[in-house]
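To start, the structure under review is shown below, and the notes come after it.
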Amino acid sequence: MRWAIITGTYNVSDLVVEFCRYHLDLGVDQIFVSDYGSEDGTLELLQSLVRDGAVQVIPLPTHRFVDYDPSNALLQKVRENDAADWISFLDPDEFLRGPADLRKQVERKYSEGIEAIAIPRYCRSVGVKPVLNSLAQVARWLETGGGPCGPMGDTGLTGITGAAGADGEV
């Protein structure tokens, strides 16, 4: 079973290498990145992982997301290249959390013909503040101990979540 992550990045130089290395160490085989025009060195930091073949950066033909859906375009590219059997869609500030044998559990579910599973993806366990953008996420976060977080809001215009304010405490 080949496991891939699809993610989009924009000015996440403070997270991008940790995000990639963490998930590769967890057992992910490849990470497909669509960058939204980062200007903070995000793409430069990924170059060693690109050279190693662990990360593939897919250029965006446009930033006009009314005409172009980057997540589905990346999914289509993964399918066309038969690059993965199992795909996780994650933002670069989301870190999967699970048992040490998470890869084996995903493989087992895949071999059983299960097409989707829920994997917790909070950031507290690695010292990164999660981004919460719904009351349901806030409730889950509080149920697991809470802590510092970053508030977000969705513009509804492009489906991309954008910052609505400064860091907060839930």
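The values are calculated or read from the model by the stated rules, or taken from the named source; none is laboratory data. Remember, it's a predicted structure, so these values are computed and weren't measured experimentally. Cβ atoms come from the backbone with ideal geometry, glycine included; neighbour counts cover every protein chain shown. The protein model used for the area step is the full one, side chains on, heavy atoms only, and it has no ligands, DNA or RNA in it. Shrake-Rupley method; radii C 1.70, N 1.55, O 1.52, S 1.80 Å.
Points to keep in mind about this one:
- Meets criteria (of a type in the set (S, T, N, Q) and closer than 12 Å to Thr7 by Cα) for Ser111: no
- When Lys109, Lys104 are checked against the criterion of being in a helix (DSSP H, G or I), open to solvent by 90 Å² or more (accessible area, probe 1.4 Å) and either within 19 Å of Arg21 (Cα to Cα) or not hydroxyl-bearing (Ser, Thr, Tyr) (or both), a single residue qualifies: Lys104.
- Applying the criterion of being open to solvent by 50 Å² or more (accessible area, probe 1.4 Å) and under 21 Å from Tyr10 (Cβ atoms) to the residues of segment 88-101, the residue that is nearest to the chain's Cα centre (by Cα) is Asp91.
- Within segment 7-29, considering residues that are in a strand (DSSP E or B) and in contact with a Ser or Thr (Cβ under 6 Å, 6 or more places away or on another chain), the one least open to solvent (accessible area, probe 1.4 Å): Thr9
- Selection status of Val128, under 22 Å from Glu18 (Cβ atoms), modelled with pLDDT of 85 or more and either part of a helix (DSSP H, G or I) or not small (Gly, Ala, Ser) (or both): no
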